[in-house]
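The values are calculated or read from the model by the stated rules, or taken from the named source; none is laboratory data. Here the structure is a predicted model, which is why all the values come from computation and not from measurement. Cβ: placed from backbone, ideal geometry, glycine included. Neighbour counts: every protein chain shown.
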Amino acid sequence: MNLVFLGAPGAGKGTQAEYICRHFGIISISTGNIIREALKNGTELGLKAKTYMDAGGLVPDEIVIDIIKERLAQDDCKDGFILDGFPRTVPQAVALDKMGVVIDKVIEIFVPDEKITERMSGRRVCEVCGASYHIEYKPPKNGETCDNDGGHLIQRKDDAPETVKERLRVYHEQTEPLKGYYEEQGKLYIVEGQEDIKDTTRYTVEVLEN
Ligand SMILES: [Zn+2]
């Protein structure tokens, strides 16, 4: 079973991918991880990617695609995989098809933007130990400072409302056409993210078993 997982930043896609892999005994391939792996192993492609990253730029599609191709050819992918973080755009999806990689289903973990913004804007992390809290769902005991060390709780730059809004905008701009592309192929399934992540997993498993 070869899958692609889509989801806005903060929708919980990565967590779901992890659970689903365990459930079906397949592996999860996150683009970020395999690029880091290629860098660490010093492969030719890894080194190419590094020149772009060192220059502060994005790794071009052709290189990302070759790295994925290399990864998918490995033995542990033969029972199936989840691609997490790739493709992000229609040209990348087309490239994947051209590569001869058969995708069986594409799952989008859907959470409305307002909900994502609410979840992310409430996140706080401890300046000292990095422990994470949420002002509403997981507040510190005294309501203000870290339970472990009394450290000051701050909002990460990634969780600031303007940053979240911009990341959501980019996601919708790039991914809506991608959803259309897979919908035309009859492969797109949308699973609504639930309050309890276990429920989301249950719905996802149902979609994949039918
Ligand atoms: Zn702390």
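Which of the residues that make up the range 72-86 are closer than 22 Å to residue 176 by Cβ and touching a strand residue (DSSP E or B) at 6+ places or on another chain (Cβ under 7 Å)? Matches in the range 72-86: 82, 83, 84, 85.
The residue that is modelled with the lowest pLDDT, among those in the range 147-164 that are out of contact with any helix residue (DSSP H, G or I) (no Cβ under 7 Å at 6 or more places or on another chain) and more than 16 Å from the ligand (Cβ to nearest atom), is 158. Checking each residue in the range 3-18 for being in contact (Cβ under 8 Å) with a residue 40 or more places away in the chain, of a type outside the set (Gly, Ala, Ser) and surrounded by fewer than 19 Cβ atoms within 10 Å (Cβ to Cβ) picks out 9, 15.
With respect to (1) part of a helix (DSSP H, G or I); (2) modelled with pLDDT of 90 or more; (3) under 14 Å from the mean Cα position of the chain (by Cα), the lone exception for residue 33 is condition (2).
For the range 131-139, the criterion of being over 17 Å from residue 14 (Cα atoms), assigned to a loop (DSSP other than H, G, I, E, B), within 13 Å of the ligand (Cβ to nearest atom) and among the acidic types (Asp, Glu) is met by none of the residues. Selection within the range 81-130: residues that are within 16 Å of the ligand (Cβ to nearest atom) and β-branched (Val, Ile, Thr). The member of this set that is nearest to residue 196 (Cα to Cα) is 125.
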